[in-house]
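The values are calculated or read from the model by the stated rules, or taken from the named source; none is laboratory data. Since this is a predicted model, take the numbers as computed values, not measurements. Cβ sites come from the backbone with ideal geometry, for glycine too, and all protein chains shown count toward neighbours. For the accessible areas, the whole protein counts, side chains as well, though only heavy atoms, and no ligand, DNA or RNA atoms are used. Shrake-Rupley method; radii C 1.70, N 1.55, O 1.52, S 1.80 Å.
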Amino acid sequence: MHTPPPTFSGFGLGLRKEHYRDFLDTDVPVDFVEVISENFMVDGGQPRDILRRVREKHPVALHGVSMSIGSSDGLDLHYLARLRSLVDDVQPLFVSDHLSWSRVAGFNSHDLLPVPYTDEALDLVCRNIDMAQDALGRAMLFENPSSYVAFDDASMSEWAFLAEMSRRTGCGLLLDVNNVYVSACNHGFDPHAFLRGIPADRVRQVHLAGHSVGPGILIDTHDQPVCDDVWSLYGTAMSLLGPVATMIERDDDMPPLAELMAEVDMARDIATVSARREVA
Amino acid sequence: MNLAELQRNFRSWLVAPDDAIAGVFGAHAAQGLLVYQNNYRAQLIGCLEVSYPQVRRWLGDDAFREAAISHIVGHPPHAWTLDHYGSDFADTLLSLYPRNPDLRELAWIEWSLSEAFVAADTRALSRDVLAGVDWDRACLRLTPSLRLLPATTNADQIWFALDNDMTVPQGAMLDAPGGFAVWRKGFHSQLDRVDATTFDALCSLRDDATFASLCDRLVDRLGEDEGVRRAGMLLAQWMDAGIVADIDDGSDETSMD
């Protein structure tokens, strides 16, 4: 079992190329930034240089999308080696990925596909997490993804799966509040039951993002501001979790940095109010 | 259905969807499966659009989308990184447009510029390092960002015009064959069309890095005096351009490593 991921209670932003210049040339008032690991798992060039320069100013969390921790084929050793090299270079605050799968039989979907919440999947995911954490030499965080399909043979809830996964492997959790909301709406479960069901002491980071509304289904698109319902759910989460690193995750239809910073400030305000409510 | 079977069925649905496969996930899953399939296709089309912006402009949105869909159907992604998807898009374009070698070469240029952008770093090589080199033993190490392709068309001119919003020339075959060279200097990817002698010299260095062999090859093509003169001239050009990343004659003084 690896040392648990560190606790950190700041507020941050996903660093995307549209805002590289802002982060390099000005003092953006964030406590940390998060980058997509795969964007920097390259041999060299400007991306790695930018990351090094940003790292000199801010703690950096590495957030992956390609580990495929739920793959029945096991993990890609080449991928793990590349990620380890980046981890050694960046010395990140957190290293995270998703409770999902993307790779099977030599095929890679490049999407966060849903894991069935079964005992078989739980055993396999835990084996894969042990392998990943050993390869990286540290405990990771795993995020609850948005999902659009639920499987009939599930034997436990998503939050029960996450709780047991964290207990067995020592991994931390990255709670994506928008994903809880999206999946709750799509599958008809109570998002508050999710928040109460995960082990609060294992949550090290929170994501906030926007989603799109499709015909009868919500889709996690990261191209919108955080909606009111998700802000409300975030307030509930923070009263249950206490201080925990929180960040705004935006990937498409990127607005000016000031708009995202307003959302960071909103998160800070809600967390402060939730903390006061908890004390009272 | 165990986990491996579930994941193989899911893959089949994404790559070649049909109702029978969707049915194994239950009727309630139909709408969600469509979201995943849309995500899969949109992600790959978006990836090709980002990797080949000038090919897209040259073909037009509709033709590019058709080519992208054809590529996705025939080339499901395999690598862990999405950055590798589209590495063989030039082959798809060649199969769709066999009479347009300029299109294939334009695609190669775009892909190579992207690869060079994130290739391994090298340090700038000063001409001071030339002093004291044992040229009989010297090996020239090329930058790992260098990509080479025989040139048969004016695809470089097409790319340049598209990239700079200039009037795009008609695609045309070259009067004399040459080669395209793509590499990175500092943080900037470079593209050059070189003559056949220079292209041959660069290709030969990838197989045999010795300066002596380079001289022999150029002497064979150009004669004794011109061959040696050209070798020296090319070496200087390549050092300034960042194509030669290191010169190593086995002594500590010359190698930059």
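From the backbone phi of region B:15-28, what are the Karplus-calculated ³J(HN,Hα) couplings (6.51 cos²θ - 1.76 cosθ + 1.60, θ = phi - 60°) in whole Hz, Gly and Pro given as x?
Calculated HN-Hα couplings, in order: 7, 9, x, 8, 5, 5, 5, 4, x, 5, 8, x, 5, 5 Hz.
With the other protein chains left in place, how much accessible area per residue, in square angstrom, belongs to region A:1-55 at a 1.4 angstrom probe? Mind showing how you got there, number by number?
On the way: 2460 Å² over 55 residues.
That works out to 45 Å² for each residue.
Rounded, prolate or oblate: which fits region B:120-251 when a ≥ b ≥ c are the square roots of the eigenvalues of the alpha-carbon gyration tensor, with rounded for a/c under 1.5 and prolate only if a/b beats b/c? Mind dumping the intermediate values first?
Numbers: a/c = 2.66, a/b = 1.51, b/c = 1.76.
Note, shape of region B:120-251 comes out oblate.
Take every Cα-Cα pair in the protein assembly as shown and report what % of them are more than 35 Å apart.
Values: 64390 of 143916 pairs.
Distances greater than 35 Å cover 45 percent of the Cα pairs.
So who's got an amide H within less than 5 Å of the one on B:Gly86, skipping anything under 5 residues away but keeping other chains? H placed 1.01 Å off N, in plane.
Amide H neighbours of B:Gly86: none.
Pull out a ≥ b ≥ c, the square roots of the eigenvalues of the alpha-carbon gyration tensor of region A:100-185, then state rounded if a/c is under 1.5, prolate if not and a/b is larger than b/c, and oblate in the remaining case. Show your work: numbers first, answer last.
Numbers: a/c = 1.42, a/b = 1.23, b/c = 1.16.
Rounded shape, in that the Cα axes give a/c under 1.5.
Treating each Cα of region A:1-153 as an identical point scatterer and ignoring solvent, apply the Debye formula and state log10 I(q)/I(0) at q = 0.16, 0.18, 0.20 Å⁻¹.
-0.92, -1.11, -1.29
Only four residue types carry charge here, +1 at the Cβ of Lys and Arg and -1 at the Cβ of Asp and Glu. Report the dipole size of the protein assembly as shown about the Cα centre in Debye, rounded to the nearest 20. Show your work: numbers first, answer last.
Numbers: 43 positive and 81 negative charges, 144 e Å.
With only Lys, Arg, Asp and Glu charged at Cβ, the dipole is about 700 debye.
Please work out the C-alpha center-to-center distance from region B:176-192 to region B:1-57 and express it in whole Å.
A separation of 37 Å, based on Cα centres.
What value, in deg cm²/dmol to 500, does the helix sum -39500 (n - 2.57) over DSSP H runs of n ≥ 4 give at 222 nm once divided by the residues of the protein assembly as shown?
Numbers: 20 runs with 252 residues, N = 537.
Helix-only estimate at 222 nm: -15000 deg cm²/dmol.
How long are the semi-axes of the equivalent ellipsoid of chain B, defined as square roots of 5 times the Cα gyration tensor eigenvalues? Whole Å, largest first.
45, 23, 15
Per residue of region A:136-148, what does 6.51 cos²θ - 1.76 cosθ + 1.60 with θ = phi - 60° give for ³J(HN,Hα)? Whole Hz please, x for Gly and Pro, Karplus curve as stated.
8, x, 6, 6, 9, 10, 10, 9, 6, x, 6, 9, 10
Kindly provide the Kirkwood hydrodynamic radius of region A:41-87 in Å, to one decimal, from all pairs of distinct alpha carbon atoms.
Values: mean 1/r = 0.0813 Å⁻¹.
The answer is 12.3 Å.
Residue by residue through B:3-15, how many Cβ atoms from other chains fall within 10 Å of the Cβ on average?
Working: counts 13, 7, 1, 12, 15, 4, 1, 8, 8, 1, 0, 4, 2.
Across the residues of B:3-15, the mean count of other-chain Cβ atoms within 10 Å is 6.
Cβ neighbours within 10 Å, averaged per peptide: list B:21-30, A:186-195 in order, most packed at the top. Before the final figure, lay out each step's value.
Values: B:21-30: 14.8, A:186-195: 16.7.
The peptides rank, most packed first, as A:186-195, B:21-30.
Heavy-atom accessible area per residue, region A:176-233, 1.4 Å probe: how many Å²? Show your work: numbers first, answer last.
Details: 2120 Å² over 58 residues.
I get 36 Å² per residue for region A:176-233.
Just checking the output field for A:143-153: average partner chain Cβ neighbours within 10 Å of each residue's Cβ? All intermediate terms of the calculation are to be shown ahead of the outcome.
Numbers: counts 0, 0, 0, 1, 3, 9, 12, 5, 5, 5, 4.
Rounded to a whole number, the mean comes out at 4.
I'd like the residues of region A:51-78 whose 1.4 Å-probe accessible area shrinks by no less than 40 Å² going from the isolated chain to the full set of protein chains.
So the qualifying set is A:Ser72.
Which whole-number value in Å³ per residue fits the convex hull of the alpha carbons of region B:72-149?
Values: hull volume 11.3 nm³, N = 78.
Convex hull of Cα atoms, per residue: 144 Å³.
As an exercise, identify the GluC sites (Glu not before Pro) in region A:1-97 lying in DSSP coil whose Cβ has no more than 12 other Cβ atoms within 10 Å.
Details: sites: A:Glu18, A:Glu34, A:Glu38, A:Glu56; in loops: A:Glu56.
Sparse-neighbourhood loop GluC sites (Glu not before Pro): A:Glu56.
For A:Val203, what residues show an amide H to amide H distance below 5 Å, using hydrogens built from the backbone and excluding near sequence neighbours?
Those qualifying (amide H under 5 Å, at least 5 residues apart or on another chain) are A:Leu173.
Order these peptides, A:151-161, A:114-124, by their mean beta-carbon neighbour count within 10 angstrom, highest first.
Working: A:151-161: 17.0, A:114-124: 19.8.
Order by mean packing, descending: A:114-124, A:151-161.
In 10 Å bins starting at 0, how do the alpha-carbon pair distances of chain A split up by percent?
6, 30, 38, 22, 3, 0
If you take the accessible area of B alone, add that of A alone, and subtract the area of the pair, what total do you get in Å², probe 1.4 Å, to the nearest 100?
Values: alone 14410 and 12110 Å², together 23000 Å².
Answer for the B-A pair: about 3500 Å² buried.
Which longest run of chain B has no exposed loop site in it, a site being trypsin sites (Lys or Arg not before Pro) in a DSSP loop with at most 12 other beta carbons within 10 Å, and the site itself not part of the run?
It works out to B:124-257.
State the percentage of accessible surface on region A:1-44 attributable to carbon and sulfur atoms; use a 1.4 Å probe and exclude ligands, DNA and RNA.
Values: 980 of 2010 Å².
Roughly 49 percent, rounded to a whole number.
Between the alpha-carbon centers of region A:131-165 and region B:213-248, tell me the distance in whole angstrom.
Comparing the Cα centres of region A:131-165 and region B:213-248, I get a distance of 58 Å.
Could you list which residues have their amide H under 5 Å from that of A:Phe94, counting only those 5 or more apart in sequence or on another chain, with H placed in the peptide plane?
Under 5 Å from the amide H of A:Phe94 lie the amide H atoms of A:Ala61, A:Leu62, each far enough along the sequence or on another chain.
Using a probe of 1.4 angstrom, how much of the accessible area of region B:1-152 is carbon and sulfur, in percent? Walk me through the intermediate numbers first.
On the way: 3800 of 7330 Å².
Of the solvent-accessible surface of region B:1-152, carbon and sulfur hold 52 percent.
By how many degrees, 0 to 90 and rounded to 10, does the Cα axis of helix B:101-117 deviate from the longest principal axis of chain B?
80
For B:26-33, what's the mean count of beta carbons from other chains sitting within 10 Å of each residue's beta carbon? Please report the intermediate quantities before stating the final value.
Numbers: counts 5, 0, 4, 6, 1, 7, 9, 2.
What the average comes to for B:26-33 is 4.
How much of the DSSP bridge set in the protein assembly as shown is antiparallel, in percent, rounded to the nearest 5?
On the way: 25 of 51 bridges.
Roughly 50 percent of the beta bridges in the protein assembly as shown run antiparallel, per DSSP.
Within region A:11-279, what percent of beta bridges assigned by DSSP are antiparallel, to the nearest 5?
Numbers: 6 of 32 bridges.
Once the DSSP bridges in region A:11-279 are tallied, antiparallel ones form about 20 percent.
Which value, in Å to one decimal place, does the Kirkwood hydrodynamic radius take for region B:3-99 when every pair of different Cα atoms is included?
It works out to 14.7 Å.
Would you kindly derive the ³J(HN,Hα) couplings of region A:222-231 from the backbone phi angles with the Karplus curve 6.51 cos²θ - 1.76 cosθ + 1.60 (θ = phi - 60°), listing them in order in whole Hz, with x for Gly and Pro?
Karplus values, whole Hz, x for Gly and Pro: 6, 10, 9, x, 5, 8, 4, 4, 6, 4.
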